[in-house]
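This report refers to the structure that appears directly beneath it.
The values are calculated or read from the model by the stated rules, or taken from the named source; none is laboratory data. These numbers come from a predicted model, not from an experiment. Cβ sites come from the backbone with ideal geometry, for glycine too, and all protein chains shown count toward neighbours.
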Amino acid sequence: MVRIAALALAVLAAGCSEQPEAAPAVPAGMAAQITITVAAEGDWTVAYTLPAPATELVFARSPDASRGEDWHGPDGFEIVLEGESERARRVDGEPFTSVSFVMSPRYRELPKDYAPFMPFGDGGRLFYTGRLFACAGPCADDAAWSFSAAAPEGLSVLVNGERFAGQASWTDREQGRNVYIGDAEPVDSGDVMAVIDSSLPPQIRDQLEAQLPRFMAYFTQKLGALDAKPMLFASYDVSPSNGRWGRQGGTLPGQVFTHFYGDPWPAMIDDPALPGDLAWFFAHEAGHLYQHDAWADGAVNAWIHEGGAEAFAALAMRADGAGDVVDTKIASAQAACAEAAAQAALRDAIEAGRFDAAYSCGLLISLAIDMEVREAAPGSDGLYTVWRNFIALGEGQYTEDGFLAVVAASAGQAFADEVRAAVRTPGAAFGNLGAGPG
Ligand SMILES: [Zn+2]
């Protein structure tokens with residue numbers, strides 16, 4: 001009450017009609033208050049309030065200059081890409097404390113970043129909060145934002161595994177998260193909360209609803225529960241008819257998502273390989289969640305966590321009775337790895353931009369480790385033993401040395417040395433690791 005009265009007085013005292021609308025307060029320690037107003041149909045509004053007047057709003061993630069095209073600010077404001085960052089500012093250079101933008105919540109593929117919006121065919125929508133992160137000046141690594149979102153009557157806001165009717169508030173930081181707004185009823189299986197587009201063809205939807213909870217339960221049992229219940233999202237939007245189509249997905253902490261877009265999908269959806277590919281995708285991404293942030297540092301070591309996630313997918317799908325899909329995946333990985341790392345050692349191939357080799361060769365290495373550990377310790381669960389020990393090393397130990405040390409602990413030093421040499425040898429036969437006479 002006191003605050004409202006004070007603002008009213010300030011407006012009266014100024015005595016003119018050009019005062020901006022009373023903006024919400026920015027909680028202490030926050031880089032900005034970000035208020036999202038969702039429309040049932042049409043454009044969304046994103047309003048920023050800064051703790052103090054500033055001459056520019058610098059966006060934390062700027063993979064390209066597309067905000068300048070997609071976001072519409074008030075007259076006298078512009079969004080420009082300068083250096084590495086998009087910035088919003090007044091054309092006259094004067095400071096401001098609040099500004100709002102109107103945007104169409106449509107899918108856009110961004111280079112090496114998450115899509116700002118993933119529309120569901122049933123009317124729901126995911127949006128990526130990191131796209132909205134901005135500060136007065138460059139954002140600090142530990143910056144945090146106070147968010148609130150208001151949805152139209154009848155829609156709920158699903159954030160951090162909790163569902164709110166109409167209105168939600170949360171604090172956001174680091175990589176951000178996807179927030180769902182819509183009327184879908186999430187499927188909560190205990191280990192996971194899933195929102196699967198009801199417009200997805202039933203055979204795909206049924207498969208995902210049945211299989212994903214089993215994968216999550218399996219990984220929970222093998223690698224330990226996550227801090228918070230993970231969320232899975234699958235959106236299917238066949239309305240884009242601009243010739244662009246595909247499927248894009250990924251993970252954010254505690255979230256796995258995939259988005260189908262484009263009008264060719266209904267004709268592609270009966271591809272007999274699609275259910276297996278989708279299951280593999282979700283198992284791989286879910287596998288990352290259960291790596292508990294133990295990602296080996298440095299791109300050249302990506303074979304450890306990407307190969308690990310690929311092998312988790314293989315083991316999970318085999319355990320789920322989909323061994324035929326696994327056999328096909330291994331065969332194609334053998335061909336792809338042989339091609340990618342024939343002339344250069346795996347580490348050098350990755351360094352030279354063949355990141356796909358981290359997946360294909362990484363799968364073969366991880367499966368060889370799995371087999372070797374099971375031979376060395378009959379009754380053990382192979383690769384999972386290695387990963388539990390790797391995760392337990394703790395932050396700062398997630399290196400190639402750290403990983404090979406836990407491999408040596410379960411499979412012997414000679415085998416770990418063999419792996420270390422193989423990733424440094426052009427044309428290494430990763431499928432034969434551990435099978436040699438040594
Ligand atoms: Zn991955």
Exercise for the section: Given the conditions (1) surrounded by fewer than 21 Cβ atoms within 10 Å (Cβ to Cβ); (2) over 21 Å from Gln334 (Cβ atoms), report the number of the one that Glu375 does not fulfil. Expected result: (2)
Practice task
Determine the pairs where a residue that is over 11 Å from His305 (Cβ atoms), located within the stretch 277-294, has a partner that is within 12 Å of the ligand (Cβ to nearest atom) and not small (Gly, Ala, Ser) with Cβ atoms under 6 Å apart, the partner being 6 or more residues away or on another chain.
Solution key: Glu285/Thr251; Glu285/Val256; Ala286/Val256
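Check whether at least one residue in the stretch 142-152 is in contact (Cβ under 8 Å) with a residue 24 or more places away in the chain, among the hydroxyl-bearing types (Ser, Thr, Tyr) and closer than 29 Å to Trp245 by Cα, and report yes or no. Spell out how you get there, then give the answer.
Here is the first cut: in the stretch 142-152, the ones in contact (Cβ under 8 Å) with a residue 24 or more places away in the chain are 142-152.
Next cut, among the hydroxyl-bearing types (Ser, Thr, Tyr) only: 146, 148.
Checking which are closer than 29 Å to Trp245 by Cα leaves us with none.
No - not one qualifying residue is present in the stretch 142-152.
Enumerate the strands (runs of 3 or more DSSP E) found wholly within the stretch 206-295, keeping only those where 3 or more residues are closer than 25 Å to Phe117 by Cα, touching a Lys or Arg at 6+ places or on another chain (Cβ under 7 Å) and within 14 Å of the ligand (Cβ to nearest atom). It would help to see each step written out before you state the result.
Values: elements: 231-237, 246-252, 255-261.
Answer list for the stretch 206-295: none.
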Exercise for the section: Determine, yes or no, whether Ala311 is within 16 Å of the ligand (Cβ to nearest atom) and not in a loop (DSSP other than H, G, I, E, B). Expected result: yes
Handout entry: Filter result for the condition that a residue is under 31 Å from the mean Cα position of the chain (by Cα) and surrounded by fewer than 21 Cβ atoms within 10 Å (Cβ to Cβ), over Asp324, Asp370
Key = Asp324
Practice task
Considering (1) outside any helix (DSSP H, G or I); (2) more than 16 Å from the ligand (Cβ to nearest atom); (3) free of Cβ contacts under 8 Å to residues at least 60 places away in the same chain, say which one Val326 fails and leave the rest.
Solution key: (1)
Handout entry: Flag if Leu315 is in contact with a strand residue (DSSP E or B) (Cβ under 9 Å, 6 or more places away or on another chain) and closer than 16 Å to Arg214 by Cα
Key = no
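Against the definition (within 22 Å of Tyr236 (Cβ to Cβ), without any contact (Cβ under 8 Å) to a residue 24 or more places away in the chain and under 15 Å from the mean Cα position of the chain (by Cα)), how does Phe127 come out, yes or no? Walk me through how you get there before you give the answer.
On the way: within 22 Å of Tyr236 (Cβ to Cβ): yes; without any contact (Cβ under 8 Å) to a residue 24 or more places away in the chain: no; under 15 Å from the mean Cα position of the chain (by Cα): yes.
No, not satisfied.
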Fill in the blank from the handout: In the set Ala194, Ala165, Ala228, Ala234, the lone residue that is over 18 Å from the mean Cα position of the chain (by Cα) and of a type in the set (A, V, I, L, M) is Ala165
Practice task
Give the residues of the stretch 66-98 that are in a loop (DSSP other than H, G, I, E, B), exposed (fewer than 13 other Cβ atoms within 10 Å of the Cβ) and at pLDDT 95 or above, sorted by residue number.
Solution key: Pro74, Asp75, Gly76, Val91, Asp92, Gly93, Glu94
